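Coordinate-derived values only; no laboratory data. Note that the structure is a prediction, hence the values are computed from the model and not measured. Cβ sites come from the backbone with ideal geometry, for glycine too, and all protein chains shown count toward neighbours.
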Amino acid sequence: MKQNTLYVGSLAKGLRLLRAFDESHTELSLVELAARSGLDKSAVQRLANTLHIEGMLDKDPATRRFRPSHAWLELAYAYYWSDQLVGQAIPKLIDLSQEIGETVNLAELSTDHIIYVSRLPCQRTYFAATVIGRRLPALSTSAGRAIISTFSPEDREEAIETWPLKPFTARTTMDRGTIRQSIGEAVEQGYAISSDQMILSEIGVACPITGPDGRAFAAVQCSVSAHTWTRERIEAEILPRLQDTANAISPSSQVHRR
């Protein structure tokens, strides 16, 4: 494969280092950074200290461990101003959250995953479900399945066959035939419902936000407890409001870049 002459390898290595951090790895030593990034320790030492000097990583003077700095929040702030869909959707998501009293999320498609770009928690929501930026396999989520249901039959089948799966609970669906059936139902119904995929006893319901061509790149999603809600009650009380919210978000605000 011909090398891209515009590709900067050292920058790519720095980004690999930044991607080593996640919710389970919030502070890392040079050895841990090397292990998680796949880079040699000498390169990691130079890159990490450069990123520290440039303000992208904080460094504990006692332990010498690195962690993300406030600069990451500044980047997120810039992202939000660049994503017109979020600004368009937020007032409608707030109205929906107040109407139903449950957790409401805005998810966007990010290659073969969905990523939560806005999350409005209810009073019972735990901390992890309030943090934006969580990225999940699209096939395993109601939001992802709702989005995929708007694809052409060919693109839909390719996604079902090739996009990644990951078990989060003992009941996360790993059978692609079952997922194909679920997405097929979403094609017919215009919404997707999933149970026990990310958290046991949690039900997710999502409606796609479609563009002028009928294809979705985002979805409005609601998560509720199976101890409180049945599928029938969800379809009667939550779904109509969820559909109204998705339909009310202007398709012209979507940025088709993922």
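Using unit Cβ charges (K, R positive; D, E negative) and no other charged atoms, how large, in debye to the nearest 20, is the dipole of region 44-149 about its Cα centre? It would help to have the intermediate numbers written out before the result.
On the way: 11 positive and 10 negative charges, 92 e Å.
That gives a dipole near 440 debye.
Only four residue types carry charge here, +1 at the Cβ of Lys and Arg and -1 at the Cβ of Asp and Glu. Report the dipole size of region 134-258 about the Cα centre in Debye, rounded to the nearest 20.
Working: 14 positive and 15 negative charges, 98 e Å.
It works out to roughly 460 debye.
Projecting the Cα atoms of 147, 49, 198 onto the charge dipole of the chain, computed from C-beta unit charges around the Cα centre, puts 49 farthest toward the positive end.
With an 8 Å cut-off on Cα pairs and a minimum separation of 6 or more residues, tell me the relative contact order of the chain in percent.
Numbers: 398 pairs, mean separation 39.2, N = 258.
So the answer I get is 15 percent.
Could you work out how far apart the two model spin labels at residue 50 and residue 31 are, taking each label as a point 7 Å from the Cα in the direction of the beta carbon, and quote it in nm? So the label points at residue 50 and residue 31 sit 2.5 nm apart. Listed from fewest to most Cβ neighbours within 10 Å, the set 200, 85 follows the order 200, 85.
Of the trypsin sites (Lys or Arg not before Pro) in region 22-109, which ones lie in a loop per DSSP and count no more than 13 other C-beta atoms within 10 Å?
Numbers: sites: 36, 41, 46, 59, 64, 65, 92; in loops: 64, 65.
Passing both the DSSP loop test and the Cβ count: 64.
In a fully extended conformation the segment linking residue 81 and residue 231 would gain 50.4 nm over its present Cα-Cα distance, using 0.36 nm per residue. Based on C-alpha pairs under 8 angstrom that are at least 6 apart in sequence, region 9-73 has a relative contact order of 32 percent. Between rounded, prolate and oblate, where does region 106-244 land on the alpha carbon gyration tensor, with a ≥ b ≥ c its root eigenvalues, rounded for a/c under 1.5, else prolate if a/b exceeds b/c? Rounded, because the longest to shortest axis ratio a/c is under 1.5.
If you bin all the Cα-Cα distances of region 9-73 at 5 Å, starting from zero, the percentages per bin are 4, 20, 34, 29, 12, 2, 0.
Nearest 20 debye, what's the magnitude of the dipole of the chain about its Cα centre given +1 on Lys and Arg Cβ and -1 on Asp and Glu Cβ? Please report the intermediate quantities before stating the final value.
Working: 28 positive and 30 negative charges, 203 e Å.
Value, rounded to 20: 980 debye.
Under the classification rounded if a/c is under 1.5, otherwise prolate if a/b is larger than b/c and oblate if not, where does region 176-251 fall, given a ≥ b ≥ c as square roots of the Cα gyration tensor eigenvalues? The shape class here is oblate. For residue 113, the residues whose amide H sits under 5 Å from its own are 138, ignoring neighbours fewer than 5 places away on the same chain, with H placed 1.01 Å from N. The H on the amide N of residue 226, modeled in the peptide plane, is under 5 Å from the matching H of 202, 203, each at least 5 residues off or on a different chain.
Can I get the semi-axes of the chain's equivalent ellipsoid? Compute them from the C-alpha gyration tensor as square roots of 5 times the eigenvalues, in angstrom, largest first.
On the way: eigenvalues 246, 87, 72 Å².
Here the semi-axes work out to 35, 21, 19 Å.
Taking a Cβ cut-off of under 13 Å around residue 196, the surrounding Lys, Arg, Asp and Glu residues balance to a net charge of +1, with basic ones at +1 and acidic ones at -1.
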